[in-house]
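To start, the structure itself, in structure tokens.
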Amino acid sequence: MAPPRRTITIDPVTRIEGHAKITIQLDAAGAVETARFHVTEYRGFEKFCEGRPFTEMAAITARICGICPVSHLLAAAKTGDKILAVTIPPTAEKLRRLMNLAQITQSHALSFFHLSSPDFLLGWDSDPARRNVFGLIAANPDLARAGIRLRQFGQGVIEALGGRKIHAAWSVPGGVREPLGEETRDRISAGLPEAFAITERALGLFKTLLDTQLGEELEVFGSFPSLFLGLVGPGGLWEHHRGAEAGCGIRIVDSDGQIVADGLREDDYASFLAEAVEPWSYLKFPYVRALGPEAGSYRVGPLARLNLCERIGTEQADRELLELRQRGGRVVTASFLYHLARLIEILACLEQMQQLLDDPTITATHVRARAGVNAHEAVGVSEAPRGTLFHHYRVDENGLIEAVNLIIATGQNNGAMNRTVTQIARHYLSGERLTEGLLNRVEAGIRCFDPCLSCSTHAAGQMPLLVELVGADGQLRDVLRRD
Amino acid sequence: MGTGLGGRRGNGASGLRRHGAGRLVIGIGNSLRQDDGVGWRVAEVLAARVEAGALAQLEVLAVQQLTPELVEPIAAASAVVLVDAVITAVPNPGADASLGLPPLHLDPLRPASASARAPLTHHATSAGLLSLTTALHGTCPSAWQLLIPIASACTGFGEELSPGTSARLAEAVELLTAWAHRHA
């Protein structure tokens, strides 16, 4: 007879970004058997897009998410390039890269400064009423302001390029709509020194915390071997935009640093990736097809990109990358170091933005190639802040969408998030009583991956965070609620 | 805005941003989710009025969700209104005048100690954003919120508003136009 089970459910239903909950499954002895990160909001954008012109996909998919619209914008435009079968002008390529670097900067800034740093600075067991950005302001107002300034900088670059901070339908199939003027270029450049200074201060602060008080988190918050997947550039350079072209491609490495696959083409993603479906979540579980759902589970995003690359290619970021590897190994398996990886990537973004802005061709005016429908199926790829993003379209002879498949970054970290929650629950759950400390750490484990579930209506109403402990007899044993 | 970038129009200007006016309207919503996007639509209509010269010196922002950097335009404003949708139990609010729904109105909005944060997401509230503005800048402008009731059934995928919410959009635009004139 199977041993009786008890279930703890952590159920935050949030207003904007989809519905999610966490269930911790106990065995008869009261030990954690497994944990599941549920996403219960059905995403129907693929169906919604059918029948629309492919040229509208950049503008439509950018509205999927209020947090990372640029990622969908760029992936959609790149897929459109392939349907047109054009090579976009070099300046358009540089401008798209500039926008993606700004997007990664602002997204990572929100994650580090406002969502996660209150945990580091105020402590996991501090009052939840204070363990937020307001507590951060009280404890370290300069850091809180710096986070906003850095995010503003990234958003400002996006707005300067695209005319809107959100939903900038500026990147289009064939290139971009508008070139970059010299005045705008100079305004962006003028903001870089402050952005560098903020990032360097944050790096110093976080590395000190890692050295002095975050050792346990490195061991417990999602530390396990897995594969890592993402784009790399020529010679294994850190890459965030180009797919299979000019020596670039998708690389997969394992935790020992062995390259499992290299130079993979996004067009062939279905041959090397598969998606498992679980009845308890609408978020799929992508895995490396040849290895199966367990062994083929992989991580994407900032830590994966730093594990995959040989080097970043800019001076300051490469110095930090070396230090990261001295701290965590050639391939870093501690998910808690996603936070450090974000700061290193911000530094890399700022350095690469400076390089692009110093390039005299960045203000060239030929930024768009034009053509008709020359291919009926295409796959575009880009590195979103949270990881590799695939757009796959099939169109008819008029360019109307017949089928769409989107593989989003958060979904690719789904397996890793579940393993992280399980690891934390096993370490911190004791007996049948739920504690704020456990809840805080489970949430923080998920936050390492900075999941973005922004595919929901935003007006469904904010719900409390509810944790339930259900005994083997079905009776409610304990409840923890956070309004 | 702080970086010297956000206070200027980009070279692909959308027509949604007007700066340096003192009064600010922020429309919130997902324009791909039917009535959920009514706040965004209100902002678009108001921006068009500003563009046409019918409203002077009004800054209008349309956002899909509230984010921390919005404290900067809020702090720079003399008065602000946040326009958003709110789910009601009424099946199609605004569609049938016989339901006797009260007219839309502006509710004073005060900084709230947003003690809780969304545990796993990037969620922020209007009152929390005002509180953040106060915490960072030591002051906060007079603020109101305009909540437009919508039905949960009208938040599927789509860009069209329901008839009832379309009517409410027009009502909201007139209400905000009058507000802008009063605070000129």
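The values are calculated or read from the model by the stated rules, or taken from the named source; none is laboratory data. In this text, all values refer to a predicted model and were calculated from it rather than measured experimentally. Backbone-built Cβ (ideal geometry, glycine too); neighbour counts: all protein chains shown.
Numbers below:
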{"quantity": "Scan of the range A:122-145 for residues that are free of Cβ contacts under 8 Å to residues at least 24 places away in the same chain, within 18 Å of residue A:447 (Cβ to Cβ) and under 25 Å from the mean Cα position of the chain (by Cα), ordered by number", "calculated": "A:122, A:123, A:132, A:133, A:134, A:136"}
{"quantity": "Check on residue A:158, in contact (Cβ under 8 Å) with a residue 24 or more places away in the chain and either more than 7 Å from chain B (Cβ to nearest Cβ) or surrounded by fewer than 24 Cβ atoms within 10 Å (Cβ to Cβ) (or both)", "calculated": "yes"}
{"quantity": "The lone exception for residue A:253 - which of (1) free of Cβ contacts under 8 Å to residues at least 24 places away in the same chain; (2) under 19 Å from residue A:296 (Cα atoms) it fails", "calculated": "(1)"}
{"quantity": "Qualifying helices (runs of 4 or more DSSP H) (wholly inside the range A:292-407; at least 2 residues being surrounded by fewer than 24 Cβ atoms within 10 Å (Cβ to Cβ))", "calculated": "A:292-295, A:315-328, A:338-358"}
{"quantity": "Failed criterion for residue A:183 (all others in (1) more than 7 Å from chain B (Cβ to nearest Cβ); (2) farther than 24 Å from residue A:200 by Cα; (3) touching a residue at least 60 places away in the same chain (Cβ under 8 Å) hold)", "calculated": "(3)"}
{"quantity": "Output for the range A:351-393, where each listed residue is closer than 30 Å to residue A:452 by Cβ and touching a Pro at 6+ places or on another chain (Cβ under 6 Å)", "calculated": "A:367"}
{"quantity": "Considering residues of the range A:420-478 that are of a type in the set (D, E, K, R), in a loop (DSSP other than H, G, I, E, B) and at pLDDT below 80 only, the residue nearest to residue B:125 (Cα to Cα)", "calculated": "A:433"}
{"quantity": "Set A:220, A:277: member being farther than 19 Å from residue A:449 by Cβ and among the aliphatic types (A, V, I, L, M)", "calculated": "A:277"}
{"quantity": "Residue in the range A:356-373 that is charged (D, E, K, R) and farther than 22 Å from residue A:173 by Cβ present", "calculated": "yes"}
{"quantity": "Residues (assigned to a strand (DSSP E or B) and either among the basic types (Lys, Arg) or in contact with a Leu (Cβ under 9 Å, 6 or more places away or on another chain) (or both)) located in the range A:227-258", "calculated": "A:227, A:228, A:229, A:230, A:231, A:232, A:238, A:249, A:250, A:251, A:252, A:253"}
{"quantity": "Residue match in the range A:215-226 (condition: of a type in the set (Phe, Trp, Tyr), part of a strand (DSSP E or B) and surrounded by 13 or more Cβ atoms within 10 Å (Cβ to Cβ))", "calculated": "no"}
{"quantity": "Hits in the range A:161-179 (condition: within 7 Å of chain B (Cβ to nearest Cβ) and in contact with a Ser or Thr (Cβ under 6 Å, 6 or more places away or on another chain))", "calculated": "A:163, A:164"}
{"quantity": "Selection from the range B:72-88 of residues that are closer than 30 Å to residue B:152 by Cα and either more than 8 Å from chain A (Cβ to nearest Cβ) or modelled with pLDDT of 90 or more (or both)", "calculated": "B:74, B:80, B:81, B:82, B:83, B:84, B:85, B:88"}
{"quantity": "Residue identified as surrounded by 20 or more Cβ atoms within 10 Å (Cβ to Cβ) and more than 30 Å from residue A:380 (Cα to Cα) among A:117, A:171, A:126", "calculated": "A:117"}
{"quantity": "Pick from the range A:51-60, criterion closer than 17 Å to residue A:375 by Cα and within 12 Å of another protein chain (Cβ to nearest Cβ), ranking: farthest from the chain's Cα centre (by Cα)", "calculated": "A:52"}
{"quantity": "Residue within the range A:384-391 that is more than 23 Å from residue A:226 (Cβ to Cβ), touching a helix residue (DSSP H, G or I) at 6+ places or on another chain (Cβ under 9 Å) and not small (Gly, Ala, Ser) present", "calculated": "yes"}
{"quantity": "Verdict on residue B:170 being away from chain A (no Cβ under 13 Å) and either closer than 20 Å to residue B:88 by Cα or without any contact (Cβ under 8 Å) to a residue 12 or more places away in the chain (or both)", "calculated": "yes"}
{"quantity": "Which numbered condition residue A:206 misses (of (1) closer than 23 Å to residue A:448 by Cα; (2) outside any loop (DSSP other than H, G, I, E, B); (3) of a type in the set (A, V, I, L, M, F, W, C); (4) within 9 Å of chain B (Cβ to nearest Cβ))", "calculated": "(4)"}
{"quantity": "Enumeration of residues in the range B:131-166 that are among the hydrophobic types (A, V, I, L, M, F, W, C), more than 10 Å from every other protein chain (Cβ to nearest Cβ) and in a helix (DSSP H, G or I)", "calculated": "B:153"}
{"quantity": "Residue satisfying all of: in the range A:17-39; of a type in the set (A, V, I, L, M) and in a strand (DSSP E or B); modelled with the lowest pLDDT among these", "calculated": "A:20"}
